[in-house]
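The values are calculated or read from the model by the stated rules, or taken from the named source; none is laboratory data. Just so we're clear, the structure is a prediction, and the values are computed from it rather than from any experiment. Backbone-built Cβ (ideal geometry, glycine too); neighbour counts: all protein chains shown. All accessible areas refer to the heavy atoms of the entire protein, side chains included, with ligands and DNA or RNA removed. Shrake-Rupley method; radii C 1.70, N 1.55, O 1.52, S 1.80 Å.
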Amino acid sequence: TALGIFLVIALLGIIRFNWRQNRIEEALRAESALRKNIADSQLSGLQVTDLDGRIVYTNKTFSDLLGLKNNDTLIGQIPPYSYWPKGDQGFRLMELLNAIQSGQLSNTSYEFPAIRSNGQSFWVLLHIVPMLTVEGERIGWLWTLTDISEIRQAQEKLTAAHERFNRVLESMTDAISVIDPKNNTLLFSNSSYDKTFGEDA
């Protein structure tokens, strides 16, 4: 009778333990799914690498920016990565990564033309920060990749418009100057103004 009671109690304990374990696993799966949804909904691409620079994770945005159907081709890659440009830009990226791994830099940002899977290039802003444990131990690196091609196009258009405006002013025979009304500082003068009044006027 005592053995039977003990077996029933032990069985109930095992059932309760399994029930609690299943609840914990469900909570972990739900939290993992939530974290994945948050990561995939980011506007910037996220890449996680180990201390050696080997890619261990990328979110969906990262794959979408590079025109990849999935991230299988990225997982396991080591520098230089497939989306890095060749030549000086790629060499500069490797220099930055080496500086971070050696501790010369704690984090860094860099603009460069990334390469999509179809060979097309587009400008991105890369930011690299260390990933730390609760104890402060470095376990890898978090990379964020942001598409800035539209911003750069707008900047290039603005620069071109400014250059055209300056060429028009320089081509005029009238002396033209722009003065700051607050302190009477000369902000701009064309060549006709400089010839007439002197460059130090």
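Roughly how compact is the stretch 146-196, stated as its Cα Rg over 2.2 N^0.38 Å to two decimals?
Working: Rg = 15.2 Å, N = 51, 2.2 N^0.38 = 9.8 Å.
That ratio works out to 1.55.
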- line: Under a Gaussian network model of the chain whose springs join Cα atoms within less than 10 Å, the largest fluctuation of Asn166, Asn184, Asn70 belongs to Asn184
task: Can you send over the carbon and sulfur percentage of the accessible area for the stretch 134-200, probe radius 1.4 Å, protein chains only?
output: 53
- request: Kindly sort Arg16, Arg138, Arg23, Arg116 by accessible area of their heavy atoms, largest first, with the probe set to 1.4 Å.
  value: Arg16, Arg23, Arg138, Arg116
message: Output the 0 to 90 degree angle, nearest 10, between the alpha-carbon long axis of helix 88-101 and the longest principal axis computed from the alpha carbons of the chain.
response: 50
- line: Two pseudo-spin positions, 7 Å from Cα along C-beta at Gln153 and at Asn22, lie apart in nanometres by 5.4
query: Dipole size in debye (nearest 20) for the stretch 1-147 around its Cα centre, Lys and Arg Cβ +1, Asp and Glu Cβ -1?
result: 440
GNM top mover of Gly76, Gly103, Gly45 - the chain, alpha-carbon springs below 10 Å: Gly103
task: Among Tyr193, Ser149, Ser44, flag the residue with its Cα farthest along the positive direction of the charge dipole of the chain, charges on Cβ as +1 for Lys/Arg and -1 for Asp/Glu.
output: Ser44
Alpha carbon Rg of the chain, scaled by the compact-globule rule 2.2 N^0.38 Å: 1.79
Percent breakdown of C-alpha pair distances by 10 Å bin, ordered from the shortest bin, for the stretch 121-182: 17, 22, 20, 17, 13, 9, 3
- prompt: Based only on Cα atoms, what Rg/Rh ratio does the stretch 52-149 have, Rh being taken as Kirkwood's radius?
  reply: 0.95
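Please give the length that would be gained between Asp174 and Val134 if that part of the chain were fully extended, namely 0.36 nm times their separation in residues minus their C-alpha to C-alpha distance (nm, one decimal).
Full extension of this stretch gives 7.6 nm more.
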message: So with the 1.4 Å probe, I'd like the accessible area per residue for the chain, rounded to whole Å².
response: 69
message: At q = 0.09, 0.10, 0.11, 0.24 Å⁻¹, what log₁₀ I(q)/I(0) does the stretch 86-201 have when each alpha carbon counts as one equal point scatterer in the Debye sum?
response: -0.53, -0.61, -0.67, -1.33
message: Using a Gaussian network model on the chain with a 10 Å cutoff between Cα atoms, which of Ser106, Ser82, Ser117 fluctuates the most?
response: Ser106
query: How big is Rg to Rh over the stretch 62-114, alpha-carbon atoms, Rh as the Kirkwood inverse-mean-distance radius?
result: 1.00
